[in-house]
Amino acid sequence: MIQITEHTRNVLLEVAKTKKIYIEGNFLKILKAPPGDTEFEEYLKICKERDTASRKKRLEITKQVQNQNKELEKAAKKNEVLMQDLQTALDETQKAKQEAEKLRDEAVEDLDTLQKKTQFELIGKIVRVALGVIVSIGFIVTGLFITTLFLNQESAIVESTWSNLMGILLTNSFSIVGTIMGVKYATEK
């Protein structure tokens, strides 16, 4: 058993009172309250009760997951039987199988072509809109900066802000274009 120091005892009790955090797990088995310290004994009792409750909850969840896994295994077996029946039916007619494969290949090719076309159009739109927004913001911020300079206002803050915003906009534009290009080349293969 481990004896708890007065400081540790006070910290544990304070954490339990203020934050509702209690000790859990096997560590509880080796903790011992100082003799005559009923408050810490009550704390350890509450910790053990909470630990037991959380273990029961975890056990229930584990059992539930195991039951679900059993059901999934049964469903997988049924699916496997159905797949075997389907394969048998497909094997019975060789001509139908070859025609189905030919049609499937054509459909996959058409779908791939359509996806690539849609992706390229979407990428183009995203790049145009993103760069349009970035350029627009750049012009607006630059216009405000120029207005501030002509009005002879205090421009030190505006200059650094403008510089920071332009750097951020430039970084974002390269980031967007780089990401889109990376996605484009990654999906080509």
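The values are calculated or read from the model by the stated rules, or taken from the named source; none is laboratory data. This structure is a prediction, so every number in the text was calculated from the model and none was measured. Positions of Cβ are generated from backbone atoms using ideal geometry, with glycine treated the same way; all protein chains shown enter the neighbour counts.
Kindly check whether there is at least one residue in segment 88-97 that is in a helix (DSSP H, G or I), of a type in the set (D, E, K, R) and surrounded by 12 or more Cβ atoms within 10 Å (Cβ to Cβ). Talk me through it step by step, then tell me what you get.
At the first step, the residues of segment 88-97 found to be in a helix (DSSP H, G or I) are 88-92, 94-97.
Filter once more, keeping what is of a type in the set (D, E, K, R): 91-92, 95, 97.
Right, trim to surrounded by 12 or more Cβ atoms within 10 Å (Cβ to Cβ) and you get 97.
Yes; the residues of segment 88-97 include at least one that is in a helix (DSSP H, G or I), of a type in the set (D, E, K, R) and surrounded by 12 or more Cβ atoms within 10 Å (Cβ to Cβ).
Just checking, how many residues over segment 1-19 are more than 35 Å from the chain's Cα centre (by Cα), surrounded by fewer than 12 Cβ atoms within 10 Å (Cβ to Cβ) and either among the acidic types (Asp, Glu) or modelled with pLDDT of 85 or more (or both)?
The number of residues fulfilling the criteria is 2.
How many residues are in a helix (DSSP H, G or I), closer than 21 Å to Thr18 by Cβ and under 41 Å from the mean Cα position of the chain (by Cα) if we restrict to segment 28-39?
Within segment 28-39, the subset in a helix (DSSP H, G or I) is 28-30, 38-39.
With the extra rule that they be closer than 21 Å to Thr18 by Cβ, the set shrinks to 28, 38-39.
Right, trim to under 41 Å from the mean Cα position of the chain (by Cα) and you get 28.
Result for segment 28-39: 1.
For Asp51, are the conditions met, namely being touching a Gly at 6+ places or on another chain (Cβ under 9 Å), free of Cβ contacts under 8 Å to residues at least 40 places away in the same chain and either closer than 30 Å to Gln3 by Cβ or loosely packed, with under 10 Cβ neighbours inside 10 Å (or both)?
Numbers: touching a Gly at 6+ places or on another chain (Cβ under 9 Å): yes; free of Cβ contacts under 8 Å to residues at least 40 places away in the same chain: yes; either closer than 30 Å to Gln3 by Cβ or loosely packed, with under 10 Cβ neighbours inside 10 Å (or both): yes.
Here the answer is yes, as Asp51 does meet what is asked.
Which residue, of Ile176, Ile168, is under 31 Å from the mean Cα position of the chain (by Cα), modelled with pLDDT of 80 or more and either exposed (fewer than 10 other Cβ atoms within 10 Å of the Cβ) or among the aliphatic types (A, V, I, L, M) (or both)?
On the way: Ile176 fails: modelled with pLDDT of 80 or more.
Just a single option satisfies the conditions, and that option is Ile168.
Could you grab the pairs with beta carbons closer than 8 Å, sequence gap of 6+ or different chains, first residue in segment 2-23 and within 21 Å of Thr52 (Cβ to Cβ), second one at pLDDT 85 or above and part of a loop (DSSP other than H, G, I, E, B)?
Leu12/Ile23; Val15/Ile21; Ala16/Tyr22
Taking the options Thr147, Thr142, Thr118, Thr161, name whichever one is assigned by TED's automatic domain parsing to the domain that holds Gly178, part of a helix (DSSP H, G or I) and either among the hydrophobic types (A, V, I, L, M, F, W, C) or under 20 Å from Gly182 (Cα atoms) (or both).
Working: Thr147 fails: either among the hydrophobic types (A, V, I, L, M, F, W, C) or under 20 Å from Gly182 (Cα atoms) (or both); Thr142 fails: either among the hydrophobic types (A, V, I, L, M, F, W, C) or under 20 Å from Gly182 (Cα atoms) (or both); Thr161 fails: either among the hydrophobic types (A, V, I, L, M, F, W, C) or under 20 Å from Gly182 (Cα atoms) (or both).
Criteria check complete, one pass: Thr118.
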